[in-house]
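Some notes on the structure that comes next.
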Amino acid sequence: MGMKISEVEARSGVPASTLRYYESLGLLAPRRSDNGYRAFTESDIQRLDFIGSAKQLGLELPEILDLLVLADAGTCTGVKASLQPVLTGRLEEVDRQIAALSRLRDHLVSARDHVVSCPDSDEPCRSECAFKVLARTQTAHQG
């Protein structure tokens, strides 16, 4: 006899709706008891741990499914060989995001410094006071 979905939810912290969704995608394949209830095993708990770890690394569910299928049918060496380029690709994507965020940070610092240096005035505020420096900075980076 396996665990009911509520027991797996309590043990894993994964909501029942997510467990059913994972089943619909093929990430989990719990047996069914005679009365039709899902019957999860320790193996399913281990799969949930694998899925959670992979999601923390930014892997998408289709990628995770491919790795699970390979793990079920193949060897640790095969999983390792498939996982390495996936992780390398994620690292490259994260590096691009970090570079973009670094550029955004530089723009924000420049804009903040420009706003701080703007003199106070009783005149209506014009948007170029705040964003003039951003346009100048972007033009400088494009040139």
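Values quoted throughout were computed directly from the atomic coordinates according to the rules given, and no laboratory measurement underlies them. The structure displayed is predicted, hence computed values, not measured ones. Virtual Cβ from ideal backbone geometry, glycine too; neighbours counted across all protein chains shown.
A few remarks follow.
- Shape call, region 1-59: gyration tensor on alpha carbons, a/c limit 1.5: prolate
- Formal net charge of residues neighbouring residue 14 (Cβ-Cβ distance under 11 Å; K, R +1; D, E -1): +1
- FRET efficiency, 1/(1 + (r/R0)^6) with R0 41 Å, evaluated for residue 111 and residue 18 via beta carbons: 0.50
- Among the GluC sites (Glu not before Pro) in region 36-99, those located in a DSSP loop and surrounded by at most 15 other Cβ atoms within 10 Å of their own Cβ are 60.
- Sequence-distant contacts, meaning Cα pairs under 8 Å at least 6 residues apart, place the relative contact order of the chain at 14 percent.
- For region 36-76, the Kirkwood estimate of the hydrodynamic radius, built from every pair of different alpha carbons, is 11.1 Å.
- Derived scalar couplings between HN and Hα for region 99-116 equal 4, 5, 5, 5, 5, 4, 4, 4, 5, 5, 4, 4, 5, 4, 4, 5, 5, 4 Hz in order, rounded to whole Hz, by the Karplus curve 6.51 cos²θ - 1.76 cosθ + 1.60 (θ = phi - 60°), x for Gly and Pro.
- The H on the amide N of residue 3, modeled in the peptide plane, is under 5 Å from the matching H of 40, 41, each at least 5 residues off or on a different chain.
- Stokes-Einstein diffusion for the chain, with the hydrodynamic radius set to the Kirkwood value over Cα pairs and evaluated at 37 °C in a medium of 0.692 mPa s, equals 167 µm²/s.
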